[in-house]
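The values are calculated or read from the model by the stated rules, or taken from the named source; none is laboratory data. Remember, it's a predicted structure, so these values are computed and weren't measured experimentally. Ideal geometry is used to build each Cβ from the backbone, glycine not excepted, and the neighbour counts take in all protein chains shown. Note: accessible area is taken over every heavy atom of the protein model, side chains too, but ligands, DNA and RNA are not part of it. Shrake-Rupley method; radii C 1.70, N 1.55, O 1.52, S 1.80 Å.
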Amino acid sequence: RLWDWRRDRLVRRIGANTNGVEFDPSGALLASTRLTQGVVDVWDSGTGSRVSTLEGHTGIVRDLAYDADGERLATASDDGSVRVWDPRAGKLQVTLRLAVPLGASTVEFSPDGKRLVTTWADGVTRVWTLDLDELVDLAGERVTRGLTTAECQQYLHTDSCPGA
């Protein structure tokens, strides 16, 4: 339910059984997690109509966060993944996982949107880069071999490897 808190009146009812909600920065979109499914619904807060459904998690979604411009929505799940979505199109952009399967508890974008901060069932907070150039630089410092074209397509979401 969406309330006009100044007038203490119900504005809109959205048919969602949820355990978490998050407005985008403009207030135009509202994301809600389904109570027992690993699904997030994105709603037009003005009309109450569903904009998209984000499916892919196999565990309960514990937390959600929009980036500063509302173009991306991150979700943290018991299934051991954090996912970044285009909330309007309902398209998955990135999936983050640890080497050891642990449930993700919370997620938050950095103010500039270049990093994602997550906490996990092991109590550790981790910072992930979402900036492709920074990721390529880190890989160049740490990887002892070049990436294959297939690896660049899968991990960097590019048609070819940078510098190839």
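Numbers for the structure displayed
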{"read-out": "Average accessible area per residue (Å²) across the chain - probe 1.4 Å, nucleic acids and ligands excluded", "value": "59 Å²"}
{"read-out": "Normalised contact order of the chain, rounded percent, pairs of Cα under 8 Å and 6 or more residues apart", "value": "12 percent"}
{"read-out": "Calculated P(r) tail over 27 Å for the chain, as whole % of Cα pairs", "value": "31 percent"}
{"read-out": "Region 83-162: relative contact order as a whole-number percent, Cα under 8 Å and 6+ apart", "value": "14 percent"}
{"read-out": "Per DSSP, loop trypsin sites (Lys or Arg not before Pro) in region 1-99 with at most 12 further Cβ within 10 Å", "value": "Arg1, Arg6, Arg7, Arg13"}
{"read-out": "Rounded D (µm²/s) - region 59-107, Kirkwood Rh over Cα pairs, Stokes-Einstein at 10 °C, 1.306 mPa s", "value": "147 µm²/s"}
{"read-out": "Degrees separating the helix 132-142 axis from the principal Cα axis of the chain, which is the longest one", "value": "40 degrees"}
